[in-house]
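No value in this document is a laboratory result; all are computed from the given coordinates. None of these values were measured; they are calculated from a predicted model. Cβ atoms come from the backbone with ideal geometry, glycine included; neighbour counts cover every protein chain shown.
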Amino acid sequence: MERLVIAALAVCVLVPTAHCASGSVAWCYHKPDCNDTTWPTIVSKYCNGSRQSPIDIVSASAEVDSMLGAFSFTEYDNKFVMDKIENTGKTVKVLLRNGVQISGGGLSGAYDSLQFHLHWGNGSSVPGSEHTVNGKQYPMELHIVNSQSSFNGNTTLAVENPTGLAALGFFIEVMPGNETGKPDSWRTLTSYLSDITFNGNEVDVASGISLDDILGSVDRTKYYRYLGSLTTPTCNEAVVWTVFKDPIRVSKDLIDLFSTTLYISNSSSSPLMTNVFRNVQPAQRVTTQAASSSSATETCYTLVLMTLSFALGRN
């Protein structure tokens with residue numbers, strides 16, 4: 001029970017709503033008086049800070065960091081770790097059970113995975129990822145929120161520490177071809193959306209899909225790293241961001257469900273939940289891994305072939 005209380009507090013801090021404990025702030029994505037352009041005024045302590053997220057990642061400017069090795073993912077293959085799925089009025093959020101954890105990846109220690117949520121635009125044709133790469137915005141973005149294990153679930157301490165939280169960001173793009181209902185894991189996940197149509201709706205997630213299933217074939221050894229913030233108020237500058245280079249591929253029909261099924265309030269007369277993302281903030285220092293030896297060899301081989309082809313062409 002204690003773990004559930006801690007997780008609930010963590011989610012309230014990380015994805016605030018008007019129903020959170022006292023001290024939370026009213027904010028939105030869709031109204032002129034509370035959208036992301038007003039957050040620096042609404043929550044001036046953090047939302048107008050110097051290391052805000054999300055950002056546009058310029059790949060050519062990413063500095064090589066030899067410390068950015070492989071991650072270890074604990075219980076990511078467990079098909080019983082998803083606890084509940086909820087419409088918060090701002091996003092879709094999935095709470096995770098105890099024991100899910102990440103480490104490695106250049107992090108200072110282990111982090112407990114608490115929940116994941118999503119950001120999107122308006123269907124597959126109107127992009128809504130929070131981070132962008134070289135100016136490109138993807139249709140959706142998935143964030144797995146992790147709290148430093150040494151804080152034992154105390155997210156009040158975590159959000160006050162510059163590396164108290166670690167967020168894993170995964171881009172979602174439309175799967176090539178005309179397939180529908182793919183992959184199977186996302187068909188299962190999105191099947192719950194009709195049960196959480198309105199703000200505050202929450203249902204249990206049955207066993208059957210793991211986090212590995214949701215992340216699919218993403219190469220989790222290739223990523224960008226920077227120090228940033230929560231992307232929703234209160235925008236605490238407490239997040240070690242990892243943004244993976246490979247996208248998750250999901251069929252168009254499943255992506256479109258998010259912007260056509262969910263409402264921001266508890267009535268079908270309220271607006272549909274669309275464009276639930278914060279716009280990019282000023283650039284930060286971004287690091288990444290050195291090119292792998294295989295990549296370097298392939299590049300060298302390609303250059304040799306080009307040189308030989310040029311030489312033969314002149315003879």
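If you take the alpha carbon radius of gyration of region 174-267 and divide it by 2.2 N^0.38 Å, what ratio comes out, to two decimals?
1.29
Near Q281: Cβ cut-off under 14 Å, other residues only, Lys/Arg at +1 and Asp/Glu at -1. The net charge is -1.
Using a cut-off of 20 Å between alpha-carbon atoms, which lysines can reach K79, once sequence neighbours fewer than 8 places away in the same chain are excluded? Straight-line reach from K79, under 20 Å: K93, K182. Taking Lys and Arg as +1 and Asp and Glu as -1, the other residues whose beta-carbon sits under 10 Å from that of I172 total -1. For region 2-314, the Kirkwood hydrodynamic radius from C-alpha pairs, put into Stokes-Einstein at 25 °C and a viscosity of 0.890 mPa s, yields a diffusion coefficient of 121 µm² per second. Restricted to Cα atoms, region 18-145 shows a radius of gyration and a Dmax of 17.2, 44 angstrom.
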